Amino acid sequence: MPAANLLAGKTAIITGGTTGIGRAIALAFLAQGCNVAVNHLGLPRDEPHLTSLLSEAALLLSANPSAGRLAHLPGDVRDPSTGPALVSFALSSFSASRLDICVANAGICTFAEFLDLDHALYEKTVRTNLDGAFYVVQAAARQMARHQSPPGGSIIGISSISALVGGGGQTHYTPTKAGVTSLMQSTAVALGKYGIRCNALLPGTVKTQLNEEDLEDEGKRRYMEGRIPLGRIGEPRDIGGPAVFLACEELSGYVTGAQLLVDGGLFVNLQ
């Protein structure tokens, strides 16, 4: 029987939660009874993603009354005020006294040649992927450490296999993901005394809107699949279960400062 209600009654925030990996984690949390507030940019082009997520969340709740509820709030993670606003919004939306889980997921990845990489793309990538993670993690940690009793919670930073390997077209991206992994290590040390666990999830090649166009090249897709021992490109839903594991105190209560690769075995086959 599949596990159920592993996050019953919990409250979570997820940045970049309407598409890709963030969306899959949101749905996995909802299915386990967690109330989830997702952040998104609120752009017109993203409206269909938000609408469909709200629909999926409603279907989950109608099929399973113990499922969690979903709320959403626009905001740019590059703005330091977005993290605190999301924390406050989640607590008020669900009449909660605790923030139990924070997933720093929002990120961008635009392939570019190093010698031609312009300052604007570099700055946008660093500010979104690394600064954005820092701000929301800090906001969540302040709530978890100082404004709830007993203190504690689970913080998950969505890093990448790219934190461990180089990428010629990702010289602006891979350092940010290494930074997210390092951020989780350092916050694990800084926040352990408050009972706050901080861990990094490192997805491998997962088909999302960030790399969809790249993977449409059949030759490249087959090449990638050939390097993955499990023989397939990852799907966003593949990250949901590991995120539930790290969020659940009963399953991972003694896990902090860890790096969990979710890559179908790709990293160990890169030789």
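Key figures
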{"quantity": "Gly167 being over 29 Å from His119 (Cα atoms), of a type outside the set (A, V, I, L, M) and out of contact with any Gly (no Cβ under 6 Å at 6 or more places or on another chain)", "calculated": "no"}
{"quantity": "Set Ser52, Ser66: member being over 15 Å from the mean Cα position of the chain (by Cα) and farther than 27 Å from Pro151 by Cβ", "calculated": "Ser52"}
{"quantity": "Residue satisfying all of: in the range 143-170; surrounded by fewer than 23 Cβ atoms within 10 Å (Cβ to Cβ) and in contact with a Pro (Cβ under 8 Å, 6 or more places away or on another chain); farthest from Tyr194 (Cα to Cα) among these", "calculated": "Ile161"}
{"quantity": "Residue ID - farthest from Gly9 (Cα to Cα), chosen from residues in the range 231-264 that are more than 20 Å from the chain's Cα centre (by Cα) and modelled with pLDDT of 95 or more", "calculated": "Tyr254"}
{"quantity": "Residues of the range 164-180 classified as free of Cβ contacts under 8 Å to residues at least 40 places away in the same chain and of a type in the set (A, V, I, L, M, F, W, C), total", "calculated": "1"}
{"quantity": "Condition met for Leu230 (without any contact (Cβ under 8 Å) to a residue 40 or more places away in the chain, among the hydrophobic types (A, V, I, L, M, F, W, C) and not in a helix (DSSP H, G or I))", "calculated": "yes"}
{"quantity": "Candidate set: the range 171-225, residues that are assigned to a loop (DSSP other than H, G, I, E, B) and touching a Ser or Thr at 6+ places or on another chain (Cβ under 9 Å); chosen: the one surrounded by the fewest Cβ atoms within 10 Å (Cβ to Cβ)", "calculated": "Gln209"}
{"quantity": "Subset of the range 178-225 [of a type in the set (D, E, K, R) and modelled with pLDDT of 95 or more]", "calculated": "Lys193, Arg197"}
{"quantity": "Residue in the range 44-59 that is touching a residue at least 60 places away in the same chain (Cβ under 8 Å) and surrounded by fewer than 24 Cβ atoms within 10 Å (Cβ to Cβ) present", "calculated": "no"}
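The values are calculated or read from the model by the stated rules, or taken from the named source; none is laboratory data. Computed from a predicted structure; not experimentally measured. Ideal geometry is used to build each Cβ from the backbone, glycine not excepted, and the neighbour counts take in all protein chains shown.
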